[in-house]
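Novice: Sending over a structure as structure tokens; questions will come in a sec.
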């Protein structure tokens, strides 16, 4: 006859209590039983990374995963895998770009975020200041007269703009308006804040 060993009841009971408490947080808790911590309403679990110029995911040099660029309703994408990008530990993120776009929209839970916009001048026709100037608006935080060549310190150099925002309508909305040449971007990173 085969002997079957049963799990001790105490850990099983504790797991069942934690499960019930997570499903019904309004139930009273007996003394000595800790309530399971519930995630904050609407809080994003982790950073969202979107690579603007690729239609496939990218894993960068640090192992971080970047999602394809389905959040841009317009613009053109280009990939230049041979480029050498300075000023970054993740050059693969800057070897593609989206240009000529007017908008980025990503559904996310309401809350506070830091939005990191990743830029680099990768188009060989841009050789100096004043050739790629645009405005971007991240949830009402407007940056005007953004000269990418000047901000990055030249071509083939990574530059990140970090913008704190509060999302209250369930979507992160970024608008781009060209002034000279086309707006361009390499990636968007959405970092939840407490």
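The values are calculated or read from the model by the stated rules, or taken from the named source; none is laboratory data. Fair warning: this is a prediction, and the values are worked out from it, not measured in the lab. Note that each Cβ is placed from the backbone with ideal geometry, even for glycine, and that neighbours are counted across all protein chains shown.
Novice: For residue 149, state whether it is in a strand (DSSP E or B) and either modelled with pLDDT under 95 or surrounded by 14 or more Cβ atoms within 10 Å (Cβ to Cβ) (or both). Explain how you work it out, then say what you get.
Specialist: On the way: in a strand (DSSP E or B): no; either modelled with pLDDT under 95 or surrounded by 14 or more Cβ atoms within 10 Å (Cβ to Cβ) (or both): yes.
So residue 149 does not fit the description; no.
Novice: How many residues are assigned to a loop (DSSP other than H, G, I, E, B) and either closer than 18 Å to residue 191 by Cα or in contact with a helix residue (DSSP H, G or I) (Cβ under 6 Å, 6 or more places away or on another chain) (or both) if we restrict to the range 90-107? It would help to see each step written out before you state the result.
Specialist: At the first step, the residues of the range 90-107 found to be assigned to a loop (DSSP other than H, G, I, E, B) are 90, 95, 100-102.
Retained after the next criterion (residues that are either closer than 18 Å to residue 191 by Cα or in contact with a helix residue (DSSP H, G or I) (Cβ under 6 Å, 6 or more places away or on another chain) (or both)): 90.
Matching residues across the range 90-107 total 1.
Novice: How many residues, within the range 164-178, are more than 13 Å from residue 102 (Cβ to Cβ) and surrounded by fewer than 16 Cβ atoms within 10 Å (Cβ to Cβ)?
Specialist: 6
Novice: If you go through the range 92-128, how many residues are surrounded by fewer than 14 Cβ atoms within 10 Å (Cβ to Cβ), over 11 Å from residue 172 (Cα atoms) and touching a strand residue (DSSP E or B) at 6+ places or on another chain (Cβ under 9 Å)?
Specialist: The number of residues fulfilling the criteria is 0.
Novice: Considering only residues that are outside any loop (DSSP other than H, G, I, E, B) and touching a helix residue (DSSP H, G or I) at 6+ places or on another chain (Cβ under 9 Å), which ones fall in the range 108-141?
Specialist: Our first condition is that a residue be outside any loop (DSSP other than H, G, I, E, B); within the range 108-141, this holds for 111-119, 133-138, 141.
Across the range 108-141, the qualifying residues are 118, 119, 133, 134.
Novice: Can you tell me which residue is nearest to the chain's Cα centre (by Cα) among those in the range 129-146 that are more than 11 Å from residue 177 (Cβ to Cβ) and surrounded by 20 or more Cβ atoms within 10 Å (Cβ to Cβ)?
Specialist: Among residues in the range 129-146 that are more than 11 Å from residue 177 (Cβ to Cβ) and surrounded by 20 or more Cβ atoms within 10 Å (Cβ to Cβ), the one nearest to the chain's Cα centre (by Cα) is 138.
Novice: Looking at residue 161 and the list (1) part of a loop (DSSP other than H, G, I, E, B); (2) in contact with a helix residue (DSSP H, G or I) (Cβ under 8 Å, 6 or more places away or on another chain); (3) touching a residue at least 24 places away in the same chain (Cβ under 8 Å), which single condition is not satisfied?
Specialist: Unmet condition: (1).
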